[in-house]
1. Where a Cα-Cα gap under 20 Å defines reach, which lysines qualify for Lys26, not counting those fewer than 8 residues away within the same chain?
2. Around Leu135, which amide H atoms from residues at least 5 apart in sequence, or from another chain, sit under 5 Å from its own amide H, with H modelled in the peptide plane?
3. Suppose accessible area is computed on protein heavy atoms with a 1.4 Å probe; arrange Thr122, Thr115 from highest to lowest.
4. Label points 7 Å out from Cα along the Cβ direction at Val173 and Glu91: separation in nm?
5. What distance in nm lies between label points placed 7 Å from Cα along the C-beta direction at Lys19 and Ser63?
6. Which entries in the list Lys75/Lys144; Lys19/Lys75; Lys98/Lys136; Lys19/Lys79 go over 27 Å, if you measure between the two C-alpha atoms of each?
7. Just to check I understand the Karplus step: with θ = phi - 60° and J = 6.51 cos²θ - 1.76 cosθ + 1.60, what whole-Hz values come out for the stretch 107-115, glycine and proline as x?
8. Suppose the chain between Arg106 and Glu32 were pulled fully straight at 0.36 nm per residue; how much longer would it get relative to their current alpha carbon spacing?
Amino acid sequence: ERISRDLHDGLGQTLAALKLNIDGLKNDYELEEEIYNKLEGLLESSVKQLREICYETLPNVLSELGLIKALEELKNRNKTNHLKIDLIVGEDIPELEKPLQIAIYRITQEFINNTIKHGEATAIKIIIEWVNNKLKLNLWDNGKGFQIKDLTIYKGQGLKNIESRVKSLDGEVKFSSK
């Protein structure tokens, strides 16, 4: 959370000042259009990357409203006329520590992104529940699937991210595909 704030407040302000200075150069020195456009493009790309890093580090909705509301917002942001997303929340889920909330949110986000990018699915189901004193997150889609035997050879970055987040919390991950 602190890193996200520091990036936004520190680097964000520096990039904003840089933009003002580049605009001033264009006006004061009749900067060549091609050079100005290149500088402006690099600056816009930097600002966009900074926003993405800040958002990825700790989404505001997660810190302000908690995990379940953040998952609802994620669901609503990604559902379309062609992709139905259901979020099913079990009863009696205790207050979770912030690192676990972030991990659950990121895992779910990665799953949705992978489904959209690769799965050709029309439905996603997110089930989060408390079972036998453990948090259970079940993520399902009706997409085209993949070969489990190829998983160890071709495991993409998204699946590696999911696996490493789960393992960092001493959790267990199981992939299945039909």
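The values are calculated or read from the model by the stated rules, or taken from the named source; none is laboratory data. Note that the structure is predicted; figures quoted are calculated from it, not measured. For neighbour counting, all protein chains shown are included, and Cβ atoms are generated from backbone atoms with ideal geometry for every residue, glycine included. For the accessible areas, the whole protein counts, side chains as well, though only heavy atoms, and no ligand, DNA or RNA atoms are used. Shrake-Rupley method; radii C 1.70, N 1.55, O 1.52, S 1.80 Å.
1. Straight-line reach from Lys26, under 20 Å: Lys38.
2. none
3. Numbers: Thr122 80, Thr115 5 Å².
I get Thr122, Thr115, largest accessible area first.
4. Each label point lies 7 Å from its Cα, and together they span 3.2 nm.
5. The answer from the label model is 2.1 nm.
6. Details: Lys75/Lys144 20 Å; Lys19/Lys75 35 Å; Lys98/Lys136 16 Å; Lys19/Lys79 35 Å.
Checking Cα-Cα distances, Lys19/Lys75; Lys19/Lys79 exceed 27 Å.
7. Rounded to whole hertz, the list is 4, 5, 4, 5, 4, 4, 4, 4, 4.
8. Working: separation 74, 0.36 × 74 = 26.64 nm, distance 4.32 nm.
Residue separation times 0.36 nm, minus the Cα-Cα distance, leaves 22.3 nm.
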